[in-house]
1. Of all residues in the stretch A:24-38, which are closer than 16 Å to residue A:91 by Cα and either modelled with pLDDT under 90 or in a helix (DSSP H, G or I) (or both)?
2. Having 2 or more residues that are small (Gly, Ala, Ser) and buried (at least 18 other Cβ atoms within 10 Å of the Cβ) is the bar; report the helices (runs of 4 or more DSSP H) wholly within the stretch A:88-200 that clear it.
3. As an exercise: evaluate residue A:167 against (1) under 30 Å from residue B:65 (Cβ atoms); (2) in contact with a helix residue (DSSP H, G or I) (Cβ under 6 Å, 6 or more places away or on another chain); (3) not basic (Lys, Arg) and give the number of the one condition it does not meet.
4. Quick one: what pairs do we get from the stretch B:153-172, first residue on the phi < 0 side of the Ramachandran plot and without any contact (Cβ under 8 Å) to a residue 24 or more places away in the chain, second polar (S, T, N, Q) and buried (at least 23 other Cβ atoms within 10 Å of the Cβ), C-beta under 6 Å, 6+ apart or different chains?
5. Being within 7 Å of chain A (Cβ to nearest Cβ) and either over 23 Å from the mean Cα position of the chain (by Cα) or of a type in the set (Gly, Ala, Ser) (or both) is the filter here; which residues of the stretch B:101-146 pass it?
6. Name the residues in the stretch A:39-54 that are of a type outside the set (A, V, I, L, M, F, W, C) and under 15 Å from residue A:91 (Cβ atoms), would you?
7. Quick one: what pairs do we get from the stretch B:188-199, first residue closer than 18 Å to residue B:52 by Cα, second part of a loop (DSSP other than H, G, I, E, B), C-beta under 6 Å, 6+ apart or different chains?
Number of protein chains: 2
Amino acid sequence: MQSSPIPTDSNRPFLTWQRITDWAQEHYRCRSFSKDERIPARPGLLYLVQRGAVRLVGSAQLEYAKGKPNSKPRNRNLDEAFLGFVGAGQPFELVAQSPFSLQAYSHADDTTVLWMYWHDLDNWPHFRREVLDAFRYQHQRKLLWLSTLGQRRTIDRLLGFLTLLIEEYGEYYASSNGEDGFKGYRLPWSLTHSQIGSAIGSTRVTVTRLMGKLRQQGLVYTQDDNLICIPIESEDYNKTLDLEDDAGFEEE
Amino acid sequence: MQSSPIPTDSNRPFLTWQRITDWAQEHYRCRSFSKDERIPARPGLLYLVQRGAVRLVGSAQLEYAKGKPNSKPRNRNLDEAFLGFVGAGQPFELVAQSPFSLQAYSHADDTTVLWMYWHDLDNWPHFRREVLDAFRYQHQRKLLWLSTLGQRRTIDRLLGFLTLLIEEYGEYYASSNGEDGFKGYRLPWSLTHSQIGSAIGSTRVTVTRLMGKLRQQGLVYTQDDNLICIPIESEDYNKTLDLEDDAGFEEE
């Protein structure tokens, strides 16, 4: 996308961002949240994460119930699906729509969010374009995410899901423990196995079992049993890709 | 989204669209495709569907293979996931990214697609904004789609998936067959059970079985065994929602 690059913190003009945060503070359009606090967000408004990270989730309001009049839907409260993160400097909006509703939660302590009307952006036309380009980028990422959720095997969805998240948000990480000598990229926020399960159509128990499998093969590493990492060069990872290429030729 | 409405064909200034299609024809930026033909699309370019419909799909290039050196990934060629439609008047772009790649196919005969560079839109600033707003809208729809794919039961994912598709693209339809007297909304394009399975992480066989179940309960109707419809007022549908509300109060 040469003609319309995706904005990142590094190429965003610092002055515009500074002016916007100043404006938001002056106009009481700025609020901080503690971890896992719900961020009230209304359709039609635009939100910007100034600091920390936001977790988007979706809830199903529609669920198949067997035809018997007294049957109750099962495990309703587990149907809140993890839909992704919005990091610092990034915009989000929530247009609630049946049969699913979207919500935002603070994913880290001291997460600060600004809000504005779309017409407030008339003052900063370049920034408006950045915001729209950011949504364009997020849309592309969600298409990739949908690609992995279309895979039938849960372990494929799990590995694809983690790979996409770390590709987008991962930070370089080298283990200080000389013995295992891990080098790779680390997701800077923790995710519970239950949250991962809610994203990939699986359960906490299955995710725990499959994470063990991926760890065993060196495809995934967890720092302090908490932050998920993917190695830079995993032999197994390459082996998997090689196998795939071979299979591709043989089948065609 | 009052301040920045989502563009639809009805509120798009006809003259701009006419000027753009004229420009595209003059500059050889216009091409027609027959059903299921692949539409070559490069990252960095913008595509507009002038007529017909486009089907987006994603392919996994990464798949978990058991650690044994000679194990082969299973069913590789089934891993092309259906990611949605792009209807007439709507834009799309494909930014290929590992470990998944995105492709576009014509979903209906005589589908016509225009293409342009992003900077070509400098001539039509209002239209540029419409395009970016359309991506914003598509992004919101994908979040809803991810919400349903996070559900654990395949039948929930199936019902959610069909509901979302028909909510977005459905056309009013009343059965001409007096006996069944169906009234509802119909997806104007056919989807195979295999395509549906590829979107919801399931198989053709399972989708066929579950579609039968949904049909039996009147939650779904298929016209001529081909086009999928959802009734306007399904008793079962309302019953399901009522049950959910009850459960919600009891649990809290």
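1. The answer is A:24, and nothing else.
2. Those helices (runs of 4 or more DSSP H) span A:125-149, A:193-200.
3. (2)
4. Pairs that qualify, where the first residue is on the phi < 0 side of the Ramachandran plot and without any contact (Cβ under 8 Å) to a residue 24 or more places away in the chain and the partner is polar (S, T, N, Q) and buried (at least 23 other Cβ atoms within 10 Å of the Cβ), are B:160/B:148.
5. Within the stretch B:101-146, B:117, B:118, B:119 meet the criteria.
6. So the first thing to find is which residues in the stretch A:39-54 are of a type outside the set (A, V, I, L, M, F, W, C), and the list is A:40, A:42-44, A:47, A:50-52.
Of everything in the stretch A:39-54, those that are of a type outside the set (A, V, I, L, M, F, W, C) and under 15 Å from residue A:91 (Cβ atoms) turn out to be A:42, A:43, A:44, A:47, A:50, A:51, A:52.
7. Pairs that qualify, where the first residue is closer than 18 Å to residue B:52 by Cα and the partner is part of a loop (DSSP other than H, G, I, E, B), are B:189/B:107; B:190/B:226.
The values are calculated or read from the model by the stated rules, or taken from the named source; none is laboratory data. Just so it is clear, the structure is predicted and the values come from calculations on it, not from any experiment. A quick note on method: Cβ atoms are made from the backbone with ideal geometry, for glycine too, and the neighbour counts reach across all protein chains shown.
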